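Worksheet for the structure shown next.
The values are calculated or read from the model by the stated rules, or taken from the named source; none is laboratory data. Model, not experiment: these values are computed from the prediction. So basically every Cβ, Gly included, is an ideal-geometry build from the backbone, and we count neighbours across all protein chains shown. Areas reflect the complete protein model, heavy atoms only, side chains present, ligands, DNA and RNA absent. Shrake-Rupley method; radii C 1.70, N 1.55, O 1.52, S 1.80 Å.
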Amino acid sequence: MDDLPLPPGIRARFIEGVNGLRVHLLEAGEPGRPCLLLLHGFPELAYSWRKVMRPLAEAGYHVIAPDQRGYGRTTGWSAEYDGDLAPFRMFNLVRDAMGLLAALGHDGVEAVIGHDFGSPVAAWCGLLRPDIFRRVVLMSAPFGGPPGLPEAAPGRAAGPDIHAALAALPRPRKHYQWYYSTRPANAEMQHAPQGLPAFLRAYYHVKSADWAENRPTPLAGWTAEALAQMPGYYIMDLGKGMAEQVAPDMPSPESVAANAWLPEAELAVYAGEYARTGFQGGLQWYRCRTEGRFEAELQLMAGRRLEQPSLFIAGASDWGIHQVPGSLERMQRQACTRMLGCHLVPGAGHWVQQEQPERTVALLREFLAAS
């Protein structure tokens, strides 16, 4: 673990026997202090929180960030495409979080903070166990609430086949989440023609505020024409994999050298971990969503809302906040009853806590003090 270039004040260790996992954990601050649980997304790691952990610890918290199931140095999960998806379903990801807290001796957290795919995990933590997860911070991925019961809308006609409609556009397209659910996706990214480091550099670049083409705007609805307004890394060209999709937008050597939020030494951490593990562990999360296998389990919480204090933070240049049309509005008006703020941070795209860590920390500290 000494090979991780961790900032001063951040420690790494393993926790054994957490819901079948050996969890790799980064932490900052003293274990006896109030706890903050940080949950990363895709394609990320606990390392994605490195820029905010020490400042939060200095504010008086025990800050913990695990490599989640399917990622990094956490083991005990299967990377087989044909393996069991059930361990990657949302209820079990919440169970992972609860087990980790129990193993660390925490009976609850001051806040669970999730980014990207970690955002819905944080939301479901708050929905399922509000007694443990007393505050919820959602970052870059709005939570529109749990799915409703189909019995509540009997006879409702099925919508058009969005995938057929995307494929029929003048520029044929496909949705990135359904691409991530395909068998070839892992190998196409892990063994990208341009090399894994170059693929990750381009991918992180196009989803950041550094890519000038990111000018997000709300979408009119879940139609092919509306979705096609999003960049290719969300609504992909039909015949391309993600590595090929983002390759033309690789930043120049001068831009890479000037990048302060993800210098080459830090990118190398991601490249090294994903070269070793592949992406399939994280891709299994998408398959749970796109294949709908566990939808009935999620419907157990139909109508429930997040009633504890909540906060939303995203980059102002992040298309992700609009990728599910209406979700941002539903989150504020319905899904969260005590949302204390919805902040779109200038100078940040999708990787807000890395691109603008100081502003992210300030917003988190303000929320924790106010709620």
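Which one of PRO172, ASN214, ALA152 has its Cα pushed farthest toward the positive end of the charge dipole of region 134-233, where Lys and Arg give +1 and Asp and Glu give -1 at the Cβ?
Selected residue: ASN214.
Viscosity 0.692 mPa s, temperature 37 °C: Stokes-Einstein D of the chain from its Kirkwood Cα radius, in µm² per second?
157
Between ALA212 and ALA257, what FRET efficiency follows from the Cβ-Cβ distance if R0 is 22 Å, with the result rounded to 0.05?
With a Förster radius of 22 Å, E is 0.75.
Based on the Cα atoms of region 152-231, what semi-axes does the equivalent ellipsoid have, where each is the square root of 5 times one gyration tensor eigenvalue, given in whole Å with the largest first?
29, 18, 12
Per residue of region 319-328, what does 6.51 cos²θ - 1.76 cosθ + 1.60 with θ = phi - 60° give for ³J(HN,Hα)? Whole Hz please, x for Gly and Pro, Karplus curve as stated.
Here the 3J(HN,Hα) series is 5, x, 5, 10, 5, 9, x, x, 5, 4 Hz.
What's the local net charge at ALA268, with K and R +1, D and E -1, over the other residues with C-beta under 12 Å away?
-3
Nearest-5 percent of antiparallel DSSP beta bridges in the chain?
Given both bridge residues lie in the chain, the antiparallel proportion sits at roughly 40 percent.
Cross-link candidates for LYS174: which lysines have Cα within less than 17 Å, leaving aside residues fewer than 8 places away along the same chain?
LYS240
Take the solvent-accessible surface of the protein heavy atoms, probe 1.4 Å, and return the percent of it on the chain that carbon and sulfur atoms account for.
Summing carbon and sulfur atoms, their accessible area is 52 percent of the total for the chain.
Given the Cα-Cα distance of LEU149 and ARG33 and 0.36 nm per residue of separation, how much length would full extension add, in nm?
37.7 nm is the gain from fully extending LEU149 to ARG33.
Go ahead and run the numbers for FRET between ASP82 and ARG276, Cβ-Cβ distance against an R0 of 25 Å, rounding to 0.05.
Here the calculated transfer efficiency is 0.75.
Using helices alone, I'd like the mean residue ellipticity at 222 nm for the chain: each DSSP H run of four-plus residues gives -39500 (n - 2.57), total over residue count, nearest 500. Show your work: numbers first, answer last.
Working: 16 runs with 128 residues, N = 371.
Computed ellipticity for the chain at 222 nm equals -9500 deg cm²/dmol.
Considering only C-alpha atoms, what is the centroid distance from region 19-79 to region 188-265, in Å?
Each part's Cα centre sits 26 Å from the other's.
Using the charge dipole of region 28-97 (Lys, Arg: +1 at Cβ; Asp, Glu: -1 at Cβ; taken about the Cα centre), state which of LEU45, GLY70, PRO31 has its Cα farthest towards the positive end.
PRO31
What is the magnitude of the charge dipole of the chain about its Cα centre, with +1 placed on the Cβ of each Lys and Arg, -1 on the Cβ of each Asp and Glu, and no other charges, expressed in debye to the nearest 20?
680
So what is the accessible area of the chain per residue, in Å², with the probe set to 1.4 Å?
Result: 40 Å² of accessible area for each residue.
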